[in-house]
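Read through the structure below, which is laid out as structure tokens, and then see the notes.
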Ligand SMILES: *Cc1c(COP(=O)(O)O)cnc(C)c1O
């Protein structure tokens, strides 16, 4: 109800907000109201929420590139960041990376059991450290996901050493899983994609940055232009979906979470290792299952596809995806292309044949998708069901 009272009602959401703008998009009521709602939901000074932010990687690149200057250093205290950020930072050489602009990077790996290496972090912070990037979700790494509270403790530790460091959280897949967001625990920016949790399945595109006014202002000047900032950016008919999507997001996220928990409780008793475990606490919507063979991986993903509302009749095939060393199989029968708040699964064709999946707009469809995957395994004699 925080969303309703402190978000939509407080900001006087009205029917006029669903009107659209074109051209420069000056004084777009829907856009400006949506941004105030985001900043109230995240309890931040300001927010930039735009369809012109094309995806999560773009939102993160924007937050980084607009708040860093040549000579600054970025620190990741939680190990290697998400794959696509390697090009943004320049860990993997790429045109236009932060490295090309003279921004350096330092990383402190996690200790055993995903513990933070506080001594290492203390040593890594130096006079050039300007921004710390903290990835909340495990993404596709085998590490734990950090809770909003744990992130808060890490931020307090960092600010105690250097109080003017900007703490940015890659919030992808973590939004609205915990009761609070990292911005309520000291994060200067929370950043993510609208075709994951906060779009509630209704947002057709977009990304957000919610945070300190100065950080958001920098990002706005970089997204549009110095001098223009948040004043321009036509909303092209999507504001109604972004606002309604945020209103739906906590419930949709809960459905995705229930789907993951259901799957873990199906596959763990079948002897497969699942991360997180069936009864473990969760801080994001991703579920990993170690399937153990290529046949199982293919059958699982094809079952998820067959249980989807869109493209249920197509058969996913492994392919050589750019940036990956092994072939990857992906299942996604989604209303919005690549949307991973909708039930979707993928896995690289390499031992131990882990499948990663997430989403489920409704628990009913999520459950059906998981059961269709299980049936596909069973029909091919790839799994025994001891209860039968
Ligand atoms: C999805 C994701 C991203 C990147 O988002 P895209 O929309 O795919 O560009 C970054 N970080 C994490 C942890 C993610 O889950």
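The values are calculated or read from the model by the stated rules, or taken from the named source; none is laboratory data. Keep in mind that this is a model prediction, so the values were computed, not measured. Neighbour counts are summed over all protein chains in view; Cβ atoms, including those assigned to glycine, are modelled from backbone coordinates with ideal geometry.
Worth a mention:
Okay, residues lined up against (1) surrounded by fewer than 21 Cβ atoms within 10 Å (Cβ to Cβ); (2) within 15 Å of the ligand (Cβ to nearest atom); (3) in contact (Cβ under 8 Å) with a residue 24 or more places away in the chain:
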residue: 72; (1), (2), (3): yes, no, yes
residue: 79; (1), (2), (3): yes, yes, yes
residue: 91; (1), (2), (3): yes, yes, no
residue: 103; (1), (2), (3): no, no, yes
residue: 107; (1), (2), (3): yes, no, yes
residue: 118; (1), (2), (3): yes, no, yes
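- Region 49-60, subset surrounded by fewer than 24 Cβ atoms within 10 Å (Cβ to Cβ) and farther than 15 Å from residue 336 by Cβ, residue nearest to the ligand (Cβ to nearest atom): 57
- Among the residues of region 182-202, those identified as more than 16 Å from residue 256 (Cα to Cα), within 15 Å of the ligand (Cβ to nearest atom) and either modelled with pLDDT under 95 or not in a strand (DSSP E or B) (or both) are 182, 187.
- Selection status of residue 130, surrounded by fewer than 23 Cβ atoms within 10 Å (Cβ to Cβ), away from the ligand (no atom under 13 Å from the Cβ) and touching a residue at least 60 places away in the same chain (Cβ under 8 Å): yes
- Residue match in region 28-35 (condition: touching a helix residue (DSSP H, G or I) at 6+ places or on another chain (Cβ under 6 Å), within 23 Å of residue 179 (Cβ to Cβ), more than 16 Å from the ligand (Cβ to nearest atom) and assigned to a loop (DSSP other than H, G, I, E, B)): no
- Checking residue 233 against (1) buried (at least 24 other Cβ atoms within 10 Å of the Cβ); (2) closer than 27 Å to residue 166 by Cβ; (3) more than 16 Å from the ligand (Cβ to nearest atom), the condition it does not meet: (1)
- With respect to the conditions (1) over 20 Å from the mean Cα position of the chain (by Cα); (2) modelled with pLDDT under 95, residue 82 falls short on a single one, namely (1).
- Single condition residue 137 does not satisfy, out of (1) touching a helix residue (DSSP H, G or I) at 6+ places or on another chain (Cβ under 8 Å); (2) within 22 Å of residue 83 (Cα to Cα); (3) surrounded by 15 or more Cβ atoms within 10 Å (Cβ to Cβ): (1)
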